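Here's the structure, in structure tokens; my notes come after.
The values are calculated or read from the model by the stated rules, or taken from the named source; none is laboratory data. In this text the structure is predicted, and so the values were computed from the model without any measurement. Please note: Cβ atoms are built from the backbone with ideal geometry, for glycine as well, and neighbour counts cover all protein chains shown.
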Amino acid sequence: MSSAHIPGLNYTSLQYGDHTLQRVAVWQFDDDDDTQEAHAPASAYWIIFVHGGAWRDPRNTVDDFVPPVQHMAARADLPKSAIRGFASLDYRLSPHPQFPQDPSTPAKELHNARHPDHIRDVVSALRFLDGKYGIGNNYVLIGHSAGGALAHQVVMNSDASCGWAPAVPLPAALISISGIHDLRGMVARHGGIYEEFTTGVFGPDKQVWDAVSPATFAGNFKDVWGDGPRLVILANSAEDTLIDMPELDVMEARLIADGITPIAIRDLSLEHDDIWREGTQVAALVAKAVAKLQQP
Ligand SMILES: N[C@@H](CC(=O)c1ccccc1NC=O)C(=O)O
């Protein structure tokens, strides 16, 4: 896709499974990649994005990360020496009533995923990237909306209470932008399509919703994350008409209760999907995370 090509960066699209959505987009600086990896200091990070779209919207793809990557590649405070590469993850989607698929659709193109398919794919994608690039814990994981839930679930996955997939190295920093953190609370406040997509993805059992929601995780985020920086940034826009501030508040309180003090940013601007579509604010949040990680 031509939009994925960004000046100064090499673009690769890779499959981590047979389904067409089991793919990752990777952008690396033009330099010889092997040299870059061999000489990159320990404090250089992969910047990895998980898009939103309520686990089902086929209009959200790996390309949602293109505008933020363009802005990051142009920032003086995110030099090549601090960035090993950028990656954007796709994952199998649940059915969307506005995008019905013909019964003859091949299995590898069907949108018929149910939890835990989405988080299994995200974890598989991270394992694939770790195998290919040796990422380890040196990554910043960004999630937007449902991607914010998935990013937290990558950490939750290492706890016995979840364990959807074999554990992978956990991120040095997690950024949840307009993140879905508490399905029960979100559905109680909004009903309608929120209930429709939550039930479509997780079924009707609210105890399942609680078990999968980051804010009501049965484990302890600090314990499961173990040693390391464990930096969390939660960021919402007051202009977002889809994800409200209580969704951030409840996650902030939860992390504090677990012994992690997140950076909470409540003054992003723009509507829900315009945050990534415009991109500068996502880039600024990543710059903030990398600066914090590099503080001695
Ligand atoms: N465009 C989506 C809706 C959507 O993405 C959404 C709606 C409300 C709250 C959060 C949302 N997305 C989070 O990933 C849909 O049509 O299902």
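Exactly one residue out of Arg92, Arg84 is under 28 Å from Gly279 (Cα atoms), among the charged types (D, E, K, R), at pLDDT 95 or above and in a loop (DSSP other than H, G, I, E, B): that is Arg92. Taking the criterion of being crowded, with 17+ Cβ neighbours inside 10 Å, within 13 Å of the ligand (Cβ to nearest atom) and not small (Gly, Ala, Ser), the residues of region 154-198 that qualify are Ile177, Ile180, His181, Asp182, Leu183, Met186, Val187, Tyr194, Phe197, Thr198.
Any chance you could count how many residues in region 276-293 are farther than 20 Å from Pro171 by Cβ and part of a helix (DSSP H, G or I)? Steps first, answer last, please.
To start, the set of residues in region 276-293 that are farther than 20 Å from Pro171 by Cβ comprises 277-280.
Still in the running and part of a helix (DSSP H, G or I): 277-278, 280.
Within region 276-293, residues that are farther than 20 Å from Pro171 by Cβ and part of a helix (DSSP H, G or I) number 3.
Looking at region 213-224, which of the residues that are surrounded by fewer than 22 Cβ atoms within 10 Å (Cβ to Cβ) and in a helix (DSSP H, G or I) is farthest from the ligand (Cβ to nearest atom)? Of everything passing the filter in region 213-224, Asp223 is farthest from the ligand (Cβ to nearest atom). For Asp244, the conditions (1) closer than 17 Å to Met186 by Cβ; (2) touching a Pro at 6+ places or on another chain (Cβ under 9 Å) are fulfilled apart from (2).
For (1) among the basic types (Lys, Arg); (2) closer than 18 Å to Ile180 by Cβ; (3) touching a helix residue (DSSP H, G or I) at 6+ places or on another chain (Cβ under 6 Å), each residue gets a yes or a no:
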| residue | (1), (2), (3) |
| --- | --- |
| Thr216 | no, yes, yes |
| Asp223 | no, no, no |
| Asp240 | no, yes, no |
| Gly259 | no, no, yes |
| Ile265 | no, yes, no |
| Ser269 | no, no, no |
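Take the conditions (1) modelled with pLDDT under 95; (2) closer than 18 Å to Ile48 by Cα; (3) not β-branched (Val, Ile, Thr); Leu150 misses just one of them, which is (1). Going residue by residue through region 262-270, is there one that turns out to be modelled with pLDDT of 95 or more and within 16 Å of the ligand (Cβ to nearest atom)? Looking through region 262-270, at least one residue is modelled with pLDDT of 95 or more and within 16 Å of the ligand (Cβ to nearest atom).
Among residues belonging to region 135-153 that are in a loop (DSSP other than H, G, I, E, B) and of a type in the set (Gly, Ala, Ser), point out the one that is nearest to the ligand (Cβ to nearest atom). Show your work before the answer.
Taking region 135-153 and keeping what is in a loop (DSSP other than H, G, I, E, B), we get 135-138, 145.
From what's left, of a type in the set (Gly, Ala, Ser): 136, 145.
Details: Gly136: 28, Ser145: 3 Å.
Restricting to residues being in a loop (DSSP other than H, G, I, E, B) and of a type in the set (Gly, Ala, Ser), the top hit is Ser145.
Selection within region 225-244: residues that are in a strand (DSSP E or B) and within 16 Å of the ligand (Cβ to nearest atom). The member of this set that is farthest from Pro166 (Cα to Cα) is Ser237. Looking at this structure, is Asp57 part of a loop (DSSP other than H, G, I, E, B) and among the acidic types (Asp, Glu)? For Asp57, the condition - part of a loop (DSSP other than H, G, I, E, B) and among the acidic types (Asp, Glu) - is met. Selection of first residues in region 122-146 that are aromatic (Phe, Trp, Tyr) and of second residues that are at pLDDT 95 or above and crowded, with 19+ Cβ neighbours inside 10 Å, restricted to Cβ pairs under 6 Å at least 6 apart or on distinct chains, gives the following pairs, ordered by first then second residue: Phe128/Tyr16; Tyr139/Tyr45; Tyr139/Trp46; Tyr139/Ile48; Tyr139/Pro171.
Within region 122-134, is even one residue in a loop (DSSP other than H, G, I, E, B) and surrounded by 18 or more Cβ atoms within 10 Å (Cβ to Cβ)?
Restricting attention to region 122-134, the residues satisfying the condition of being in a loop (DSSP other than H, G, I, E, B) are 134.
Now restrict to residues that are surrounded by 18 or more Cβ atoms within 10 Å (Cβ to Cβ): none.
So far as region 122-134 goes, no, none of its residues is in a loop (DSSP other than H, G, I, E, B) and surrounded by 18 or more Cβ atoms within 10 Å (Cβ to Cβ).
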